[in-house]
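Single-structure report; data block below.
The values are calculated or read from the model by the stated rules, or taken from the named source; none is laboratory data. Just so we're clear, the structure is a prediction, and the values are computed from it rather than from any experiment. For neighbour counting, all protein chains shown are included, and Cβ atoms are generated from backbone atoms with ideal geometry for every residue, glycine included. SASA here: full protein model, heavy atoms, side chains in, ligands and nucleic acids out. Shrake-Rupley method; radii C 1.70, N 1.55, O 1.52, S 1.80 Å.
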Amino acid sequence: MKTSRSPVLMALFSQLIALTVIALLVSISPWLTIFEWALLQGILAAFISYFLKMDIWWVPIQLCFLPALITTLALGFPPLWFGIGFCMLVLVYGKTYQTQVPLYLSSHAVTQALSTYLPQKKNFSFIDLGCGCGGLLSLLSKTKANGTFHGIEAALLPYFIGKIKNLLAKADCNIQWGDLWQQNLSRYDIVYAYLSPAPMKILWKKICSEMRPGSVFISNTFIIPDIAPDDCIKLDDFSGSTLYIWRIRSDSDTSVTKIQNPVIPEKV
Ligand SMILES: C[S@@+](CC[C@H](N)C(=O)[O-])C[C@H]1O[C@@H](n2cnc3c(N)ncnc32)[C@H](O)[C@@H]1O
C-alpha cells in the first residue's frame, strides 16, 4: 500500500528543517551543549510536524527522537549492539514505511472470541492477512479441527518465527511469506485482518472484488471508513479490542456508502 504523503518522509523532512535552523543557531550561540542542541531540535521538529498536520503521535516521537539518540550514544554501548538492534528492527518493521502497518499481536481474548464465532462443525477456510508470528493461527488450528488455516506475512523475522513455532507445536497452518495485496481472497470463507487505519479503505475494495457472497471479513480494531459492520464483538482485553464483522453479499459495494440498518448475522 503506498500513500501519497509518506509519514516517515514527512518526519524526516521536519527533522531536516529543524536541523538547518538549529545549525544556524548553534553557529551564533556556540555555548549550547550537544544535549541542549538536541532538545531544541526536538522541540522545533515537533512543532513542524504539528503544523504539517501529521498524526498527533508523531509530535512526541519527533520531540524525543534526537535527545534519545544523544542519550543512548552517551551510554557508550558497543557499536555491534546498535548493528544487531538495527538489523532486528529492519527484519520486523522494515516494510512499515510502505505498509503503515507495524507488528502488534492479537490478544488471547481475540483468539477465544474467534474460536467461539467460527463454525463449530462445518468445514471452513480462514486466512489471517499479515499473520505476524502466526500465534493466532496456531492457537485456532488447535481448537478448530474443522478449519484450514492460512497466513501471509511480509516481514521476514515474524514469518520465520511463525514457521518454526508451527513446526514445534505441530500446528496445521500454512504460513506464507509475501504481500497480502497479491493474495486472492476468493479461496477463503473467513478473512481476518488486524492491520491499521491506513489500508482499510483500499482493503474493502479488494474484499468486494474478490470475496465470495456468504463469506465473512473480520477486522480487529480498525473499521472500514463509512461502511457499517454487520456485527461487532467488544472485548475486555488490555487494548479494548473490538472485532468488526462484515458478511459479504452479492451486492457488496466498493463505494463508500453508509449501511443504515446493518443485518446482524447468525454465527457463520
Ligand atoms: C498488527 S500485526 C497483526 C499480527 C497478527 N495478525 C495478529 O493478529 O496477531 C500486522 C502484521 O501485518 C503485516 N503486514 C502489513 N502489511 C502487509 C502486507 N502488505 N503483506 C503481508 N503482511 C503485511 C505486518 O508485518 C504485521 O506483522
> Considering segment 6-47 alone, what residues qualify as being part of a loop (DSSP other than H, G, I, E, B), among the small types (Gly, Ala, Ser) and under 18 Å from Ile70 (Cβ atoms)?
Replying inline: Ser29
> away from the ligand (no atom under 16 Å from the Cβ), more than 20 Å from Leu185 (Cβ to Cβ) and in contact (Cβ under 8 Å) with a residue 40 or more places away in the chain: does that describe Leu156?
Replying inline: no
>> I'm trying to understand the selection: among the residues of segment 177-191, which are within 9 Å of the ligand (Cβ to nearest atom) and touching a strand residue (DSSP E or B) at 6+ places or on another chain (Cβ under 8 Å)?
In response: Trp177, Gly178, Asp179, Leu180, Gln183
> Residue check: is Phe13 surrounded by 11 or more Cβ atoms within 10 Å (Cβ to Cβ) and modelled with pLDDT of 90 or more?
Replying inline: yes
>> Return the residues of segment 110-134 that are in a helix (DSSP H, G or I) and open to solvent by less than 30 Å² (accessible area, probe 1.4 Å); say none if nothing qualifies.
In response: Val110, Thr111, Ala113, Leu114, Ser115, Tyr117
